[in-house]
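Chemist: Structure in structure tokens, see below.
The values are calculated or read from the model by the stated rules, or taken from the named source; none is laboratory data. The structure presented is a predicted model; accordingly, all values stated were derived computationally and were not measured. Quick reminder, even Gly has a Cβ in these numbers, built from the backbone with ideal geometry, and neighbours come from all protein chains shown.
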Amino acid sequence: MAGNVNGTFNQPYRVSNDIPKGKVQGAKPKAPSKADNTKASTVASKFGESASLELSPEVEMYGKVVDLLQRKYENADVFVASKGDDLSQIGGDLEYSIILSENEMKLLASDDPSDKEAKDKLLKQIDDAMTSIDKMSQQIGENTDEKDEISNFGISVDKNGKMNFFADINGNSYKGNTLEDIVSSLLKDKSNS
């Protein structure tokens, strides 16, 4: 849960919703899609069985995690980010973005039974964030109109699973521990203008 977390990557992932009129653009360190995996068979069919395309273990690992999450959340792009990456510059073509650290990608790709508990905990955090982002999208939609410019909003989740909400609306940045904090700050600003 993939941005506006002030350049620190203490949050394991972010879910953000990029509104089309203000979509964030930037580097997309996205793992390959299923279509990329068909390139190897295409290469072999054109050049014979001796020709092959091998993907690095990291690309295969990222592909496995992306496939897992995109099967579950068809409306979300999945990205990997390093500690120094500017998360506000990561955004996808789908409705939501899930941004994971490299360690989280490794954990989700792991088949080691000793990782099962941590993996299940992370998947539950992602589920909770995806449920919350749908509620956030609805509440922001109910409290804005066509004059409002929504450039980004989302949820960051710390390593303990605590959610923090953020939104960039009408050039103002809103942050809060709850969705209600964001909505009340937005309504307060709208009533003052």
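Chemist: State all residues of the range 158-172 that are at pLDDT 85 or above and touching a helix residue (DSSP H, G or I) at 6+ places or on another chain (Cβ under 7 Å); if no residue qualifies, say none.
Modeler: Answer for the range 158-172, where residues must be at pLDDT 85 or above and touching a helix residue (DSSP H, G or I) at 6+ places or on another chain (Cβ under 7 Å): Met163, Phe165, Ala167, Ile169, Asn172.
Chemist: Right, another one. Where residues in the range 140-193 are among the polar types (S, T, N, Q), surrounded by 15 or more Cβ atoms within 10 Å (Cβ to Cβ) and under 22 Å from the mean Cα position of the chain (by Cα), which of them is farthest from Leu100 (Cα to Cα)?
Modeler: Ser151
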